[in-house]
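The values are calculated or read from the model by the stated rules, or taken from the named source; none is laboratory data. Just so we're clear, the structure is a prediction, and the values are computed from it rather than from any experiment. For neighbour counting, all protein chains shown are included, and Cβ atoms are generated from backbone atoms with ideal geometry for every residue, glycine included. Heads up: the accessible areas ignore ligands, DNA and RNA and are worked out on the full protein's heavy atoms, side chains in. Shrake-Rupley method; radii C 1.70, N 1.55, O 1.52, S 1.80 Å.
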Amino acid sequence: MADDDQDRFRWDHPRPFIHEVTVEPQHIDDFRHTNNVVYLTWMAKTAWEHSKALGLDFAAYARLNRGMVVRRHELEYFAASHEGDRIKVATWITGNDGRLRLRRRFQMIDVETGATVLRGLTDFVCINIELGKATRMPPEFVSTYRLTATVEGDN
């Protein structure tokens, strides 16, 4: 995150991991704004970029034969975005039971207006990649996916 982001934008929680995106023509739907599925894609991309920045890329997942997969998404829209808009997508890890479940919160802010466009969350479950079944997190997941923000009820 750029040093001025914390001061310039009203983030829900301090010290977010941020991935910036730009609304492109293919993101626009018949209502002439960003399609709702695109926001979900941005959340997934930001979560994965954060995971890689923490040192857990797919090579690490494969080595451990463990991965975090989506169990549930929740998205709440506050404003539309349009072609050319720059959006900062922030994420925080707000839940990790140290066994099976992980929660991330998201906030998207329009760079130009500073307005929150979306808030969301994703619940993940640890799986054994080879078997495709839920399994206990390896110690690397417990220690690496530490909470980066506290939200009552998330952990």
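A Cβ distance below 7 Å, combined with a sequence gap of six or more or placement on separate chains, defines the contacts here; from the range 123-134, residues that are touching a residue at least 12 places away in the same chain (Cβ under 8 Å) reach residues that are of a type in the set (Lys, Arg) and open to solvent by less than 50 Å² (accessible area, probe 1.4 Å) in the pairs ASP123/ARG103. Is there a residue in the range 85-96 that is in contact with a helix residue (DSSP H, G or I) (Cβ under 6 Å, 6 or more places away or on another chain), open to solvent by less than 60 Å² (accessible area, probe 1.4 Å) and either part of a loop (DSSP other than H, G, I, E, B) or modelled with pLDDT of 95 or more (or both)? So far as the range 85-96 goes, yes, one or more of its residues are in contact with a helix residue (DSSP H, G or I) (Cβ under 6 Å, 6 or more places away or on another chain), open to solvent by less than 60 Å² (accessible area, probe 1.4 Å) and either part of a loop (DSSP other than H, G, I, E, B) or modelled with pLDDT of 95 or more (or both). Here LEU75 fulfils each of the conditions (1) surrounded by 19 or more Cβ atoms within 10 Å (Cβ to Cβ); (2) within 30 Å of LYS133 (Cα to Cα) apart from (1). For the subset of the range 105-151 comprising residues that are acidic (Asp, Glu) and under 18 Å from the mean Cα position of the chain (by Cα), which member is surrounded by the fewest Cβ atoms within 10 Å (Cβ to Cβ)? Only one residue fits best here, namely ASP123. In the set (1) buried (at least 18 other Cβ atoms within 10 Å of the Cβ); (2) assigned to a strand (DSSP E or B), ALA60 fails one condition alone, (2).
Being open to solvent by 20 Å² or more (accessible area, probe 1.4 Å) and under 16 Å from the mean Cα position of the chain (by Cα): is that true of GLU24 here?
On the way: open to solvent by 20 Å² or more (accessible area, probe 1.4 Å): yes; under 16 Å from the mean Cα position of the chain (by Cα): no.
For GLU24, the condition - open to solvent by 20 Å² or more (accessible area, probe 1.4 Å) and under 16 Å from the mean Cα position of the chain (by Cα) - is not met.
Among the residues of the range 109-120, are any polar (S, T, N, Q) and either at pLDDT below 95 or closer than 16 Å to HIS13 by Cα (or both)? Yes, the range 109-120 contains at least one residue that is polar (S, T, N, Q) and either at pLDDT below 95 or closer than 16 Å to HIS13 by Cα (or both).
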